[in-house]
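What follows is one structure encoded as structure tokens, with my remarks underneath.
The values are calculated or read from the model by the stated rules, or taken from the named source; none is laboratory data. Being a predicted model, the structure only gives us computed values, none of them experimental. Here the Cβ is made from the backbone with ideal geometry for all residues, glycine too, and neighbour counts use every protein chain on show. Accessible surface areas use protein heavy atoms only, side chains included; no ligands, DNA or RNA. Shrake-Rupley method; radii C 1.70, N 1.55, O 1.52, S 1.80 Å.
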Amino acid sequence: EVFLGDGITNRLDGFLIQSQLARPLGICSNKKDLYFVEGESSSLRQSKSGFVSTLIGINMIEFGDIDGKFPHAMMQYPSGIGFNNDQIYIADTYNQKIKSFDLQTEELKTIISNTKDKAILNCPNDLIIHDQKVYIINKFNNKIVVYDIDSRETTWWELKLRQ
């Protein structure tokens, strides 16, 4: 049984089955509402009280790297998402960043990014949250990045293939 979306690729808000989705890639919940990211529309969306609405994202062809609030904040091909204490953590894949969306202030902000001296993200495409830590899968560098929510420190596990 279909819960969300009418099967047409688009970003259209509306009641559950009349809404249109654009390649949803990640989903999480705060035990009351559903949140999901869409790669094709570079959006963060919410299903609440039977209605789908857009929290971040402009339309199907606009993307970027701007922190802030709707309608100005932008991402590029977000794919992973997780929830912890009124924060939604997002793998902003093509911007090589991890961002958080505050459900109280409705603001999107970058929490992990590469710098000139330290590149730790390489196509982050999924994440999971456990024990106040965000575990981030990096698609192209064989590392799992670990972000400690409390200390805001970043470490990583390097995966080595057996010979």
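Overview of values
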quantity: 3 or more residues surrounded by 14 or more Cβ atoms within 10 Å (Cβ to Cβ) and in contact with a Ser or Thr (Cβ under 8 Å, 6 or more places away or on another chain): qualifying strands (runs of 3 or more DSSP E) within region 1-55; calculated: 34-38, 43-48
quantity: Cβ-Cβ under 9 Å pairs, at least 6 apart or on other chains, region 26-40 side more than 11 Å from Tyr89 (Cα to Cα) and among the aliphatic types (A, V, I, L, M), far side assigned to a loop (DSSP other than H, G, I, E, B) and open to solvent by 40 Å² or more (accessible area, probe 1.4 Å); calculated: Leu34/Phe3
quantity: Selection count where residues are surrounded by fewer than 22 Cβ atoms within 10 Å (Cβ to Cβ) and either among the charged types (D, E, K, R) or touching a residue at least 40 places away in the same chain (Cβ under 8 Å) (or both), scope region 67-81; calculated: 3
quantity: Sole residue being closer than 20 Å to Lys32 by Cβ, touching a residue at least 24 places away in the same chain (Cβ under 8 Å), open to solvent by less than 10 Å² (accessible area, probe 1.4 Å) and not basic (Lys, Arg), chosen from Ile136, Ile98, Ile88, Ile129; calculated: Ile88
quantity: Strands (runs of 3 or more DSSP E) fully within region 105-150 counting 3 or more residues that are within 13 Å of the chain's Cα centre (by Cα); calculated: 107-113, 124-130, 133-138
